[in-house]
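Below is one structure, written out as structure tokens; the observations come after it.
Where a number appears in this text, it was derived from the coordinates with a stated rule and is not lab data. Every value quoted in this text rests on a predicted model; they were computed, and no experiment measured them. So basically every Cβ, Gly included, is an ideal-geometry build from the backbone, and we count neighbours across all protein chains shown.
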Amino acid sequence: MINGLGITLSALEAHRKKMDVTANNVANINTDGFKKSRVLFKEEGSGGVQVDIRKVETPGSAVLYDDGERQTYVETSNVDYAEEAVNMIMARRGFEANLKALQTRDEMLGSLLNIKI
């Protein structure tokens, strides 16, 4: 039998990790040379969600930095705020959907107990 509670809890944890990774990317948007990370969800054999976090190695933009004595090119972060905002919205909606599934399960069990009693 499929464990609905375990699946829902693994999905909640997966979306929490996605929120954490997205928040870290946004926090480092102005850090020179920072490489963003991406979260990939995979289905586990038991029906749960497995999280795979990977660095995105594409280079950021190169900007000319002048410190008064010399000029050098500095690589900026490869984080795109618009992309991160969309990722945060998707993680939030996924989290909300799984919370609703958990709430519905709780209400169904409550109704079942009321019928039995």
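Each 10 Å bin from zero up to the one holding the largest Cα-Cα distance in the range 1-75 carries the following percent of pairs: 18, 32, 22, 15, 8, 4, 1. Within the shell of other residues whose beta carbon sits under 14 angstrom from the beta carbon of Ile29, the net charge comes to -3, with Lys and Arg scored +1 and Asp and Glu -1. For the range 1-85, GluC sites (Glu not before Pro) meeting the loop criterion (DSSP other than H, G, I, E, B) and having at most 16 other Cβ atoms within 10 Å: Glu44, Glu57, Glu69. Counting lysine pairs in the range 4-116 whose alpha carbons fall under 15 angstrom apart, excluding pairs fewer than 8 residues apart on the same chain, gives 8. Phi angles of the range 99-107 translate, via the Karplus equation with coefficients 6.51, -1.76, 1.60 and θ = phi - 60°, into HN-Hα couplings of 5, 5, 5, 5, 5, 5, 4, 4, 5 Hz per residue; Gly and Pro are given as x.
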